[in-house]
Amino acid sequence: MSPSLLIMILTHLLVHAAGNMRSTLFPVLKAEFSLTYQQIGLIVAIPSICQFLISIPSGMASDRFGAKKLVAGSIVLAAVGALLGSVSTTPLMYIVATTLLILNSTIYHPPAQSFISDIASPRDRSRALGIWFAGGTTGVGLGPISITILMGLFAFTWRQVYGFWIIPILLGLVAIYFVKTPAEIVKKEVRDSWEEEKTVDTLLNSNMIFLLLSGTVRRFGGGLTTGFFTIWLAEAQGWNIGQIGIMLGISSLIGLIASPLGGELASRYGEKRLFVATLFGSYSFFALAFFLKGYWPFMIAYIIHRFFGILGMPANMTLTSRLSPPKQRGVGFALSSIPENVIMPIAALVAAYIADSYGLYPIFIATSVIYFIGLAILQIGVRIED
């Protein structure tokens, strides 16, 4: 728990806060800009296409130049995106703003994950990644909660909420100055004493390929819901923006408990075993939520779904680290984000077609089925010893 790790936790919070308000705001944006389902799909798809184009370059830059410069650049991008969000008057301006806010996390994650993996011993890597990931889930939660508080209690507009986050993001940029390099944090003699697990020689080994394939399928399922989940809650279930923001906020803030706990459990019981178990629990409660009636039953089931999902994330990141050659961890973590970036635009447009043709509800049934197919690929295809 070095000062540099604490700063990385803080930056992880800040790069996600403003960037994850979009889903909560979709019902408001749809009404204000008179958006169709196809246009909502494009708002989801365009940032993902841009993410795909810079994923591998950001990973390669991380391996070459180190984490500090890349993380600082990502925070600058987040500040610019929040500023544009605060002055957006057209759908095109909003797309540019959200694209920058999402690209900042694409640039941020490979160097940050590689940095955390590099300063932690193999025995403690899951724990360190779990603690770091808690910062991100907190940011994901604070974004929707800030909407509920600032719009509900203080009568902010959604543009003013984006403006609210500019100064905290810039303070994160100042904090980055004090981050030390891995060589400064872990002395050579300490690193030499670590008992490294068996490493891989090639990045695209069979286990990594199946891990990426599983992620592609699972993220296609999740991508179907991205633009339409909150719209369904507002239009079909009668939820208001405050209720949506509270549920999405709580379901991410539980990461403060779930993420460090997941890191501890992964270090004790094995990454793959824990990841498979948590995904099964997460997807089971996701499917159950859409068969329940009423505000509280749905909210509880959805929050449990998110708890299990976050619980497995440290195991997922540690698997990615283990299946990447040590000198290519930045590229390895960048590869792990590519399935989402490639499949998200396709999923968003498919979901828009389903919504126009059959309504919103079938989207979530399809997502549940696809989730379990991806889980089966993970269980059968990734063969490693925990």
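The values are calculated or read from the model by the stated rules, or taken from the named source; none is laboratory data. Not measured: the values here are computed from a predicted model. As a convention, Cβ positions derive from the backbone with ideal geometry for all residues, glycine included, and neighbour counts pool all protein chains shown.
For residue 150, the test of being assigned to a helix (DSSP H, G or I), more than 19 Å from the chain's Cα centre (by Cα) and among the hydrophobic types (A, V, I, L, M, F, W, C) is passed.
Looking at this structure, is residue 298 buried (at least 23 other Cβ atoms within 10 Å of the Cβ) and either touching a residue at least 24 places away in the same chain (Cβ under 8 Å) or assigned to a loop (DSSP other than H, G, I, E, B) (or both)? No, not satisfied. The set of residues in segment 95-119 being over 18 Å from the mean Cα position of the chain (by Cα) and closer than 18 Å to residue 10 by Cβ consists of 119 alone. Candidates in segment 16-36 are the residues that are of a type in the set (Val, Ile, Thr) and part of a helix (DSSP H, G or I); of these, the one that is surrounded by the most Cβ atoms within 10 Å (Cβ to Cβ) is 24.
Residue count for segment 73-89, restricted to those that are touching a residue at least 24 places away in the same chain (Cβ under 8 Å), under 24 Å from residue 178 (Cβ atoms) and surrounded by fewer than 20 Cβ atoms within 10 Å (Cβ to Cβ): 2. Only one of the listed residues (156, 178) is at pLDDT 90 or above, surrounded by fewer than 17 Cβ atoms within 10 Å (Cβ to Cβ) and assigned to a loop (DSSP other than H, G, I, E, B). That residue is 178. Take the conditions (1) closer than 25 Å to residue 246 by Cα; (2) more than 21 Å from the chain's Cα centre (by Cα); residue 66 misses just one of them, which is (1).
If you go through segment 273-296, how many residues are touching a Phe, Trp or Tyr at 6+ places or on another chain (Cβ under 9 Å), among the aliphatic types (A, V, I, L, M) and under 23 Å from residue 318 (Cβ atoms)? Qualifying residue count, segment 273-296: 2. Checked against the criterion of being touching a Leu at 6+ places or on another chain (Cβ under 9 Å), at pLDDT 85 or above and more than 27 Å from residue 331 (Cβ to Cβ), the candidates 95, 75 yield just one match: 95. Listed by first and then second residue, the pairs linking a residue in segment 1-23 that is more than 13 Å from residue 135 (Cα to Cα) to a residue that is in a helix (DSSP H, G or I) and among the acidic types (Asp, Glu), with Cβ atoms under 9 Å apart and 6 or more places separating them unless they lie on different chains, are 4/184. Taken over segment 340-371, the criterion of being closer than 17 Å to residue 38 by Cβ and aromatic (Phe, Trp, Tyr) is satisfied by 353, 358. A single entry from 175, 128 fulfils the requirement of being more than 15 Å from residue 68 (Cα to Cα) and out of contact with any Cys (no Cβ under 6 Å at 6 or more places or on another chain): 128.
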